[in-house]
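A.B. asks: Okay, handing you the structure first.
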Amino acid sequence: MSENLARLLGIMARLRDPDGGCPWDLEQDFASIAPHTIEEAYEVADAIQSGDMMAVKDELGDLLFQTVFYAQMGKERGLFDFDAIAGHIADKMIRRHPHVFGEVSVATADDQTRHWEELKAKERAEKAAASGLPPSALDGITPGLPALTRATKLQKRAARVGFDWTRAEEILDKIEEEIGELRAEIKAQKQAPERVQDELGDLFFALVNLARRLEIDPETALRGTNAKFDRRFRQVEAALAAQSRTPQDASLDEMEALWVEAKKSERQTA
């Protein structure tokens, strides 16, 4: 074990020591830490997107600390420790890479992806058999994933057994159909919010399917659009501030005109 890793594990143990440890750290459990882990993972993704590698290093440290936190809590309960976690993932990686650590021959990255999925499918089938439940192509997809990410995984898994459109045009037709159904629910004489929500969800799901067919990660696409909206709206605010005004002082038409100018400015500097 490296000196720094041993030091980090020691710090975590000290923070969780009932005799003089940190009160906040001592109060935490697996459930209370989980939201922080999700947040740290997103911060890693944000740092990567920014291209700031020093920020990536910093955020990866924060994410590693989450694993160390779980390891310490597992150790306290006699369940597992950091070494057991590392050993488990090492065994799994060796098992899933027989072309590197065994006798299997894999020629291309696509071949490796197919082989990887076959191994994972075998593991899922073994788990299902052990539980006594019938296996499903959708087994193992975590319900707690972000909705766009989970939709993508559900669709990919269904596609492997043939439940999939083959052309983007077919999905565009489905999107138009879903938009029509959403319009109908919105215009309904007795509008039912739950039905509007259901149709909106169907539209999102179809859009995710289109992104998958076009080999675009929908989460990444939406994150990019969020960043673009943030950037352009700040330009609108700055333009209004130059006139000693705020968005509250401007009409929608005025802000839309400034928005168009912000878009033009971005295109000229791109």
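The values are calculated or read from the model by the stated rules, or taken from the named source; none is laboratory data. The structure displayed is predicted, hence computed values, not measured ones. Counting neighbours? That spans all protein chains shown, and the Cβs are built from the backbone with ideal geometry, glycine included.
A.B. asks: Looking at the stretch 232-245, can you tell me whether even one residue there is modelled with pLDDT under 90, more than 23 Å from Asp46 (Cα to Cα), surrounded by 12 or more Cβ atoms within 10 Å (Cβ to Cβ) and not assigned by TED's automatic domain parsing to the domain that holds Ala45?
C.D. replies: At the first step, the residues of the stretch 232-245 found to be modelled with pLDDT under 90 are none.
Checking the stretch 232-245: not a single residue is modelled with pLDDT under 90, more than 23 Å from Asp46 (Cα to Cα), surrounded by 12 or more Cβ atoms within 10 Å (Cβ to Cβ) and not assigned by TED's automatic domain parsing to the domain that holds Ala45.
A.B. asks: Follow-up. Among the residues of the stretch 140-153, what is the count of those that are part of a loop (DSSP other than H, G, I, E, B) and surrounded by 14 or more Cβ atoms within 10 Å (Cβ to Cβ)? Give the derivation first.
C.D. replies: So in the stretch 140-153, the residues part of a loop (DSSP other than H, G, I, E, B) come out as 140-146.
This time we only want the ones that are surrounded by 14 or more Cβ atoms within 10 Å (Cβ to Cβ), so: 140-141, 145.
Residues flagged as part of a loop (DSSP other than H, G, I, E, B) and surrounded by 14 or more Cβ atoms within 10 Å (Cβ to Cβ) within the stretch 140-153 amount to 3.
A.B. asks: For the stretch 2-25, name all the residues that are outside any helix (DSSP H, G or I) and either in contact (Cβ under 8 Å) with a residue 60 or more places away in the chain or surrounded by 12 or more Cβ atoms within 10 Å (Cβ to Cβ) (or both).
C.D. replies: Within the stretch 2-25, the first condition is being outside any helix (DSSP H, G or I), and the residues that meet it are 2, 16-22.
Matches in the stretch 2-25: Arg16, Asp17, Gly21, Cys22.
A.B. asks: If you don't mind, there's one more thing I want to ask. Determine which single condition Leu63 fails, assuming it passes every other condition in (1) more than 21 Å from Leu145 (Cβ to Cβ); (2) modelled with pLDDT of 95 or more.
C.D. replies: (1) is the only condition that Leu63 fails.
A.B. asks: Let me ask something else about it. State whether one or more residues within the stretch 253-264 are farther than 26 Å from Gln155 by Cα, β-branched (Val, Ile, Thr) and not assigned by TED's automatic domain parsing to the domain that holds Ala47. Can you show your working first?
C.D. replies: From the stretch 253-264, those farther than 26 Å from Gln155 by Cα are 253-264; that's our starting set.
Filter once more, keeping what is β-branched (Val, Ile, Thr): 260.
Then keep just the ones that are not assigned by TED's automatic domain parsing to the domain that holds Ala47; that gives 260.
Checked the stretch 253-264: at least one residue is farther than 26 Å from Gln155 by Cα, β-branched (Val, Ile, Thr) and not assigned by TED's automatic domain parsing to the domain that holds Ala47.
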